[in-house]
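*Asks:* Supplied in structure tokens, the structure appears directly below.
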Amino acid sequence: MNLRQIEVFRAVMTTGSVSDAARLLHVSVPAVSQVLSHTESRLGFPLFERVKGRLHATSEARQLFREVETVYRGVERVGDLVRELSDRRQGSLSVICSPSIGQMVVPEAIAHFRSGHPDVRVHFHSLNYRPLKERLLARQTDLGVSILPVDHPNLHTTPIARSRIVCICPRQHPLAARTSVALADLAPYAMVGYASDTPLGRVIERMCIEQDEVLQRTVEVGTPHNACALVHAGSGIALVDEFSLQGWPAPRFAVVPVVGAPDIVADLVHLRTEPLSPIAQAFVRALRSVLLQRGLALPTAGLA
């Protein structure tokens, strides 16, 4: 099946009739019927049966449709990429990042960048690790900011920011007056925690193993931002990274440093074979400015 036959077959499967498929494709009914008939002739088996004037997909058509949907999504991705490439030529910037640093820091950097580049169109997406890495490798974005190491020979990474892991708790909590806490201090209290397959969940699990401590995870969330909301609502205490904390006003809860907790380092990531464009470099300068103001910046020697 060529792409035209796939398009017609999908339209008929989606709409349920030749006439509706013709309207969807902006062609005549005979044109759709002709392509459909030719397709069935080439395949050697029927795709549809007429029952009381209505089309009904055969079992072969239903199996074929599942594969056709996969192909069609691939074609749509090609179209999306073409539009993104066209936008970039006209003055566009595409930025992706991890959810925690994308909650406040990167949006603030985008606002700072656009104040000096009002004509540049910005595409911004907050993504988990796997899709973030895939979009970078597929050349679907200019640069990424990741709080997890993105190890690939085709990607260039530069540490750009550092965040501590801190304990947040309601201001009336017994730990609120402490200048620092250890994991052992948290053990008696109800915790808002994370699944072990989340970035911060992995870090905390490793800390517990190394220090031989068990924390009472009474509520499980997907992101530190969710944890901040629950602590603010009085549902316990939590460990969060300072990137996520940037979106919450300080008076909402007490913030206490955690002894022995590793830093969370954010890397700037882009294709090794494609140096950052002047527009992307301008955004990095804006990001650096925001990180410096918030006390999260790292030196960026070797950034290219």
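*Asks:* Going through the stretch 158-195 one residue at a time, which ones are polar (S, T, N, Q) and surrounded by fewer than 21 Cβ atoms within 10 Å (Cβ to Cβ)? Spell out the reasoning first.
*Replies:* At the first step, the residues of the stretch 158-195 found to be polar (S, T, N, Q) are 158, 163, 172, 179-180.
Result: Thr158, Gln172, Thr179, Ser180.
*Asks:* Now for a different question. Return the residues of the stretch 30-73 that are touching a residue at least 24 places away in the same chain (Cβ under 8 Å) and small (Gly, Ala, Ser); say none if nothing qualifies.
*Replies:* Ala57, Ala61
*Asks:* Just to check your reading of the model, which residue among Pro188, Pro159 is at pLDDT 90 or above, assigned to a loop (DSSP other than H, G, I, E, B) and not basic (Lys, Arg)? Before you say what the answer is, go through the steps one by one.
*Replies:* On the way: Pro159 fails: assigned to a loop (DSSP other than H, G, I, E, B).
Just one listed residue meets the conditions, Pro188.
*Asks:* Related question: State yes or no: is His56 in the same structural domain as Glu69 (by TED's automatic domain parsing) and over 41 Å from the mean Cα position of the chain (by Cα)? Quick ask: steps written out before the conclusion?
*Replies:* Numbers: in the same structural domain as Glu69 (by TED's automatic domain parsing): yes; over 41 Å from the mean Cα position of the chain (by Cα): no.
Against the criterion (in the same structural domain as Glu69 (by TED's automatic domain parsing) and over 41 Å from the mean Cα position of the chain (by Cα)), His56 does not qualify.
*Asks:* Also: Which of the residues that make up the stretch 275-304 are part of a loop (DSSP other than H, G, I, E, B), within 23 Å of the chain's Cα centre (by Cα) and crowded, with 16+ Cβ neighbours inside 10 Å?
*Replies:* Here is the first cut: in the stretch 275-304, the ones part of a loop (DSSP other than H, G, I, E, B) are 275-277, 294-296, 298-304.
When the remaining residues are screened for being within 23 Å of the chain's Cα centre (by Cα), the result is 275-277, 296.
Result: Leu276, Leu296.
*Asks:* Which members of the stretch 165-195 meet the condition of being under 20 Å from Ala266 (Cα atoms) and hydroxyl-bearing (Ser, Thr, Tyr)? Let's see the steps before the verdict.
*Replies:* Of the stretch 165-195, the ones under 20 Å from Ala266 (Cα atoms) are 165-167, 194.
Across the stretch 165-195, the qualifying residue is only Tyr194.
*Asks:* On the basis of being outside any strand (DSSP E or B) and surrounded by 11 or more Cβ atoms within 10 Å (Cβ to Cβ), does Glu49 make the cut?
*Replies:* On the way: outside any strand (DSSP E or B): no; surrounded by 11 or more Cβ atoms within 10 Å (Cβ to Cβ): yes.
The answer is no for Glu49.
*Asks:* Here's another thing I want to ask about it. Determine which single condition Thr273 fails, assuming it passes every other condition in (1) in contact (Cβ under 8 Å) with a residue 60 or more places away in the chain; (2) out of contact with any strand residue (DSSP E or B) (no Cβ under 8 Å at 6 or more places or on another chain); (3) not assigned by TED's automatic domain parsing to the domain that holds Gln103.
*Replies:* Only one criterion is unmet by Thr273, namely (3).
*Asks:* What number of residues in the stretch 93-121 are surrounded by fewer than 18 Cβ atoms within 10 Å (Cβ to Cβ) and in a strand (DSSP E or B)?
*Replies:* Here the count works out to 1.
*Asks:* If a residue must be closer than 22 Å to Arg73 by Cβ, part of a loop (DSSP other than H, G, I, E, B) and among the hydrophobic types (A, V, I, L, M, F, W, C), how many such residues does the stretch 1-45 contain?
*Replies:* 1
The values are calculated or read from the model by the stated rules, or taken from the named source; none is laboratory data. None of the values given here were measured: they were computed from a predicted structure. Cβ: placed from backbone, ideal geometry, glycine included. Neighbour counts: every protein chain shown.
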